[in-house]
Amino acid sequence: MADFGAAVSFEWGKIRTLRSSIWNLAMFLLISVFLAVASAYFLDSTYDKMDAADRAAFDPIGTGFGGLRLGLIALVIFGVLIVSSEYSSGTIRSSLAAVPRRGVFYGSKLLAGGLVALAASTVVVLASFAATQVMLGEHKASLGDPGALRAIVGAIIYTTLLCVFAMGLAAVLRSSALTIGILFPLFFMVSTILTSIPKVGKVAQFLPDVAGAQILYREPQGSTVLNAWTGLAVLIAWTLAAVVGGYLAVRRRDA
């Protein structure tokens, strides 16, 4: 256990010295909050012009997380780089020399990166929700509203899990460019397009980002068989698969 604690400290030190870490986490905050505030401002200014159907569908809780999906780009890149940068730079050899037990090495990297993602997600989600409700004025939601606390906690879990998923995939692929090249279009373009295509959309709803995002809203989004909790369960399954795949890659392949 002492060895694992030392390994986590070792990984934490590497995260702090990786210059891209601070920039990506800062961009995660700025993009998410800015887009949430902009969306809330627009909705508040146009609320009186909405018809009855739009007003009934208006979700002040989900609006607070409107920027998370785009802000996640920076958090996903953060997760990818803290894993794959060691392979591209060649420092993986010295890391494995310092922590020769590969399970300990991989687990400590996931824990250190996951905890940073959890802390960043907590700050970003709370800031996004609070800023959005201020901008919504009389149309705002409060923590006591049905589904509000669930959505806040779920949003924190959602963003953290997607970062860990990215870390697991990066351990499998060992390439920053390849991993980001897969995740960027999948999370931020392909999944959105696929869910809007008849028949294909029924399968696309089980993609990790789409399924997990159900937890962000008061009601299920689109034509889906998933709800907030089953969608989160699908995301957890994807994350576990990526983590296990990463472990097998680290364990069996040479540095």
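Rolling a 1.4 Å probe over the heavy atoms of the protein chains gives the stretch 1-66 an accessible area of 61 Å² per residue.
Once the Cα-Cα distance is subtracted from the 0.36 nm per residue extended length, the Leu111 to Ala233 segment shows a gain of 41.9 nm.
Which residue fluctuates most in the GNM of the chain (Cα springs below 10 Å): Ile22, Ile215, Ile152? Evaluated over the chain, the most mobile residue of the options is Ile22.
Shape analysis of the stretch 63-147 based on the Cα gyration tensor places the equivalent ellipsoid semi-axes at 39, 13, 7 Å, largest first. Volume per residue for the chain equals 127 cubic angstrom (convex hull of Cα atoms).
If the chain linking Ser142 and Val244 were pulled fully straight, counting 0.36 nm for each residue of separation and taking away their Cα-Cα distance, it would gain 32.8 nm.
Can you tell me the relative contact order of the chain? Whole percent, Cα pairs under 8 Å, sequence separation 6 or more.
24 percent
Counting protein heavy atoms only, the chain has 69 percent of its accessible area on carbon and sulfur, 1.4 angstrom probe. Between the stretch 22-98 and the stretch 168-189, what is the separation of their alpha carbon centroids in Å? That distance is 17 Å.
When the Kirkwood radius is taken over all Cα pairs of the stretch 1-110, what Stokes-Einstein diffusion coefficient follows at 25 °C and 0.890 mPa s, in µm²/s? Translational D for this selection: 146 µm²/s. A viscosity of 1.002 mPa s and a temperature of 20 °C, combined with the Kirkwood radius over C-alpha pairs in the Stokes-Einstein formula, give the stretch 110-171 a diffusion coefficient of 169 µm²/s.
Tyr217 sits with roughly 50 Å² accessible to a 1.4 Å probe, with DNA, RNA and ligands left out of the calculation. Share of pairwise Cα-Cα distances greater than 17 Å in the stretch 1-65 is 63 percent (whole percent). Each 10 Å bin from zero holds the following percent of Cα-Cα pairs in the stretch 173-224: 25, 47, 22, 6.
Anything in the chain that counts as a DSSP H helix reaching 27 Å or more along its axis (C-alpha) with Kyte-Doolittle mean of at least 1.0? List them, would you? Answer set is 19-46, 68-89, 102-136, 148-173, 228-252.
The values are calculated or read from the model by the stated rules, or taken from the named source; none is laboratory data. What you see is a predicted model, and the numbers here were worked out from it, not measured in a lab. Accessible surface areas use protein heavy atoms only, side chains included; no ligands, DNA or RNA. Shrake-Rupley method; radii C 1.70, N 1.55, O 1.52, S 1.80 Å.
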